[in-house]
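Participant: First, the structure itself, so that you have it in front of you.
The values are calculated or read from the model by the stated rules, or taken from the named source; none is laboratory data. Quantities reported herein were computed from a predicted structural model and do not represent experimental measurements. Cβ sites come from the backbone with ideal geometry, for glycine too, and all protein chains shown count toward neighbours.
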Amino acid sequence: MEAVVPLRKVLENMANTMTSCSGDRRYTCPECGNIVEPVVIEVFGETRYIRSTCKCELERQAQEEARRKEYERKARIERLFDLAELGPRFAECTFESWIARPGSERCLDAAKNFAEHFDRHQVSGEGLLMFGNPGNGKSHLAAAIVNAVIPRGKACVFRSVPALLKKLQETYRADARVSEFEILAVLQDADLVVLDDLGAEKMTEWAESMLYYIVDQRYRWRKPLIVTTNCDLEELEERIGTRTFDRLLEMCVLVENRATSYRKEQAFKRIKTFKIGGDA
Ligand SMILES: Nc1ncnc2c1ncn2[C@@H]1O[C@H](COP(=O)(O)OP(=O)(O)OP(=O)(O)O)[C@@H](O)[C@H]1O
Ligand SMILES: [Mg+2]
Ligand SMILES: [Zn+2]
């Protein structure tokens with residue numbers, strides 16, 4: 001129960017912190033050495049002086065509060081979209097582990113540029129849409145961007161669109177621990193969102209409206225979005241709807257990855273090795 005403090009006591013306490021002499025309440029800040037002048041107030045027609053807090057202390061408190069809020073914001077995003085869940089393959093997708101292959105030069109340049117100037121992209125909201133054939137490294141480059149900006153303290157979400165829609169659908173279950181609202185709020189708030197494999201989802205009216213909402217929120221708040229897709233641009237428009245597609249065109253730099261499948265290349269190499277090795 002809250003203790004009731006008589007008004008008289010409150011006024012007495014206030015009076016104790018005040019003085020009619022400004023000199024008593026002026027002091028030298030032990031932190032920055034500035035002279036801190038008291039606050040002047042009028043009480044019942046009398047001038048009173050209250051010891052005030054130094055600007056440097058107020059700034060320190062404001063910075064601490066901002067740090068606490070940022071920490072909580074990131075924790076909220078990481079709680080719902082923990083990148084560690086994506087496993088070692090994701091963590092290994094970096095610019096360092098990228099092998100130059102013909103046809104993917106522009107994509108690599110765009111991804112590197114995006115990561116390097118991420119702060120600028122955070123202000124402009126300009127994102128990246130990488131499209132092209134399967135297995136040629138689009139998701140690798142998107143993950144490399146995320147892995148490059150995470151150490152700079154950025155809160156990122158990386159999910160394949162089918163998995164993201166499944167996560168949203170699970171919130172409708174009676175025993176769901178997370179609400180649809182919380183997930184959508186995090187997708188709006190994150191510094192960077194990667195919608196991996198857009199167009200691979202089963203398109204329903206619900207899926208279309210969810211994707212529209214997610215893209216539109218990022219669009220309104222000028223927050224960068226990275227999209228990877230196997231679809232060509234026409235197909236993508238058909239799949240996700242013109243309104244979502246139009247927003248992506250405005251928000252993202254479009255880059256085609258023309259390289260062949262690295263997955264296939266590796267698989268053929270393995271077959272060759274197998275033949276040469278005989279019974280290996
Ligand atoms: N240039 C490259 N250098 C090194 N690894 C690569 C390169 N391109 C692709 N890979 C690797 O090949 C695998 C397939 O690449 P990734 O998943 O990025 O392809 P994708 O273009 O996203 O394919 P999909 O369109 O099917 O989703 C991954 O393990 C990735 O790390
Ligand atoms: Mg992919
Ligand atoms: Zn000070």
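Participant: Looking only at segment 174-197, decide whether some residue is within 13 Å of ligand 1 (Cβ to nearest atom) and acidic (Asp, Glu).
Facilitator: Yes - at least one qualifying residue is present in segment 174-197.
Participant: Please state which of the following conditions ARG177 fails to meet, knowing it meets all the rest: (1) surrounded by 17 or more Cβ atoms within 10 Å (Cβ to Cβ); (2) without any contact (Cβ under 8 Å) to a residue 40 or more places away in the chain.
Facilitator: Evaluating ARG177 over (1) surrounded by 17 or more Cβ atoms within 10 Å (Cβ to Cβ); (2) without any contact (Cβ under 8 Å) to a residue 40 or more places away in the chain leaves (1) as the failure.
Participant: Quick one: LYS154 ticks every box in (1) part of a helix (DSSP H, G or I); (2) under 12 Å from the mean Cα position of the chain (by Cα) bar one, so which box is it?
Facilitator: Exception for LYS154: condition (1).
Participant: Suppose we filter ASP189, ASP197, ASP119 for residues that are among the acidic types (Asp, Glu), away from ligand 2 (no atom under 16 Å from the Cβ) and within 30 Å of ILE99 (Cα to Cα); which single one remains?
Facilitator: ASP119
Participant: From the list ALA115, ALA100, pick out the single residue that is within 16 Å of ligand 1 (Cβ to nearest atom) and under 25 Å from ASP189 (Cα atoms).
Facilitator: ALA115
Participant: May I pose another question? Being among the polar types (S, T, N, Q), under 30 Å from ALA144 (Cβ atoms) and within 16 Å of ligand 2 (Cβ to nearest atom) is the requirement here; does SER124 meet it?
Facilitator: Here the answer is no, as SER124 does not meet what is asked.
Participant: Taking segment 29-85 as the search range and keeping residues that are closer than 19 Å to PHE158 by Cα and aliphatic (A, V, I, L, M), which one is farthest from ligand 1 (Cβ to nearest atom)?
Facilitator: ALA75
Participant: Among the residues of segment 164-174, are any within 17 Å of the chain's Cα centre (by Cα) and either away from ligand 3 (no atom under 16 Å from the Cβ) or basic (Lys, Arg) (or both)?
Facilitator: For segment 164-174, residues within 17 Å of the chain's Cα centre (by Cα) and either away from ligand 3 (no atom under 16 Å from the Cβ) or basic (Lys, Arg) (or both): present.
Participant: Return the residues of segment 86-101 that are under 19 Å from the mean Cα position of the chain (by Cα) and among the aromatic types (Phe, Trp, Tyr); say none if nothing qualifies.
Facilitator: PHE90
Participant: Moving on to the next point. Specify which of the listed residues (ALA142, ALA110) is more than 27 Å from GLU208 (Cβ to Cβ) and either modelled with pLDDT under 95 or surrounded by 15 or more Cβ atoms within 10 Å (Cβ to Cβ) (or both).
Facilitator: ALA110
Participant: When you scan segment 222-254, how many residues do you find that are among the β-branched types (Val, Ile, Thr) and free of Cβ contacts under 8 Å to residues at least 40 places away in the same chain?
Facilitator: 2
Participant: Which numbered condition trips up LYS154, out of (1) within 15 Å of ligand 1 (Cβ to nearest atom); (2) without any contact (Cβ under 8 Å) to a residue 40 or more places away in the chain?
Facilitator: So LYS154 meets the others, but not (1).
Participant: A further question on this structure: With the structure loaded, tell me whether TRP206 is surrounded by fewer than 21 Cβ atoms within 10 Å (Cβ to Cβ), closer than 25 Å to ALA163 by Cβ and free of Cβ contacts under 8 Å to residues at least 24 places away in the same chain or whether it fails that test.
Facilitator: Answer is yes for this residue.
Participant: Test GLY33 against the criterion of being exposed (fewer than 13 other Cβ atoms within 10 Å of the Cβ) and either within 30 Å of ASP189 (Cα to Cα) or at pLDDT 90 or above (or both), and give yes or no.
Facilitator: For GLY33, the condition - exposed (fewer than 13 other Cβ atoms within 10 Å of the Cβ) and either within 30 Å of ASP189 (Cα to Cα) or at pLDDT 90 or above (or both) - is met.
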